[in-house]
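A short write-up of the structure that comes next.
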Amino acid sequence: MDEFGGRVVDVVVIGAGQAGLSSAYHLRRTGFVPERDFVVLDHAPGPGGAWQFRWPSLTFGKVHGLHALPGMEPAVGDGDAALPASRVVSGYFADYERRFGVPVHRPVDVSAVREGAGGLLTVETSAGDLATRALINATGTWDRPFVPHYPGQETFRGRQLHTAGYAGPGEFAGLRVVVVGGGASGTQHLMEIAPLAAETTWVTRRPPVFREGPFGPDEGRAAVALVEQRVRRGLPPGSVVSVTGLPVNDDVRRALDSGVLDREPMFDRVTPTGVAWDDGRSLDADVILWATGFRPAVGHLAPLGLREPGGGIRVERTRAVRDERVHLVGYGPSASTIGANRAGREAVRDVRALLAERAAELVA
């Protein structure tokens, strides 16, 4: 299928999650016309970004907060707290696309972005190629689940899965489950699985830090600064759990009191029947659930050579330092709902400036 036929546009936005929709909103608001001046591509089957893939038992009431997309607050009622977060957020995103007239091409897979002719970028997709003067990449992380390697992992005779494949606690009934990971997903999985499983064990690389009270602006700025420092140095964005801590609510307090959230240090190897530590301890398990996070989905940008020796893409504001035509939103310090909105606005402002500069050069 060649839907695009090599069409030339000013901007291609890849991804229609929070960051992509924010970018599309600011493009339209500042005069860019959808389909004529910019297009939005999304590989997912429907609206909702990564939210549409969250497990059904993650209800909206368990979500730590949903920051509104620019220009439209979510119409959330009291009854929505018991509904799956995937359903509530996907509905909100779908309403947003309709209200602001953001036509999203989906499902469209982007395989590569390459240098094209005449200073343009070529975006290779499953619906044909596009040529663009600027690119806003908003692909997030959901498509790149990260599972660290431990010796013996391939010998385990039980089941291994990542958070991305978690469908709910029912499939772990009567089983011995090891949950790996010190973030919010790990604690949520544990609290759901523990009442049904024969046994649960929580292991993390570092001791978890639980946070009582509200997460204020100072803490938020500290978390963003931590990631921004890494991105400015060309390192891959890291976890900010060590800064933000794990928020404590009534469910977490009960889990702490009951021992469900008693943490063990990270094991040293995987055995055919479970996991083991170098001090001689071992543990039998039926399942290892890796709640070990995700990595940015930016493999399609590889032909542009944006990566630094440290392994990451160095970004100033949202602009890739190695190519001023490429902006990354929802990457590094903007990988949050609040940060994604701000990053979309910044990316569009810089893209407008770049296009104006290029147009002036042609006139001159």
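Couple of notes before you dig in:
- Taking the charge dipole of the stretch 96-161 about its Cα centre, with +1 at Lys and Arg Cβ atoms and -1 at Asp and Glu Cβ atoms, the residue from PRO148, LEU121, PHE100 reaching farthest to the positive side is PHE100.
- P(r) weight above 35 Å for the chain, C-alpha pairs, percent: 29
- Summed side-chain charge close to GLU346 - residues other than GLU346 whose Cβ falls under 12 Å, Lys, Arg +1, Asp, Glu -1: +4
- If the segment from VAL33 to ARG114 were pulled out straight at 0.36 nm per residue, it would be longer than the present Cα-Cα gap by 26.7 nm.
- In this Cβ point-charge picture (+1 for Lys and Arg, -1 for Asp and Glu), the stretch 102-207 has a dipole of about 280 debye about its Cα centre.
- Cβ-based net charge around GLU324, under 12 Å, with every Lys or Arg adding one and every Asp or Glu removing one: +2
- Rg and Dmax of the stretch 27-137, Cα atoms only, in Å: 16.7, 54
- Largest first and in whole Å, the equivalent-ellipsoid semi-axes of the stretch 1-77 read 28, 17, 8, each the square root of five times a Cα gyration tensor eigenvalue.
- Unit charges on C-beta of K, R, D, E only; dipole of the stretch 1-130, Debye: 320
- Three-way shape label, the stretch 95-170, alpha-carbon gyration tensor, a/c 1.5: oblate
- Virtual spin-label span in nm between GLU171 and ASP95, 7 Å along Cα→Cβ: 3.2
- Charged neighbours of ALA16, selected by a Cβ distance under 9 Å, balance to -1 (K, R count +1; D, E count -1).
- Note on ASP268 and ARG254: the extension gain reaches 2.1 nm, defined as 0.36 nm multiplied by sequence separation minus the Cα-Cα distance.
- Helix-only CD estimate at 222 nm, as mean residue ellipticity for the chain, using -39500 (n - 2.57) per DSSP H run (n ≥ 4): -8000 deg cm²/dmol
- Estimated FRET transfer efficiency (SER126, ARG7; beta-carbon r; R0 25 Å; 0.05): 0.95
- Listed residues PHE32, LEU66, GLY20: farthest to the positive end of the dipole of the stretch 1-68 (Cβ charges): LEU66
- Each Lys and Arg adds +1 at its Cβ and each Asp and Glu adds -1 at its Cβ; summed about the Cα centre, the chain shows a dipole of about 680 debye.
- Projected label distance in nm at GLU73 and ARG358, using a 7 Å step from Cα toward the beta-carbon: 3.9
- Fraction in percent of alpha-carbon pairs per bin - 5 Å, the stretch 246-321: 3, 10, 13, 12, 11, 10, 12, 14, 11, 4, 0
- Furthest towards positive pole of dipole, ALA198, VAL298, VAL88, structure part the chain, Cβ charges: VAL298
Every read-out reported here was derived from the displayed coordinates using simple, explicitly stated rules and does not represent laboratory data. None of these values were measured; they are calculated from a predicted model. With ideal geometry, Cβ positions are generated from the backbone for all residues, glycine too; neighbour counts draw on all protein chains shown.
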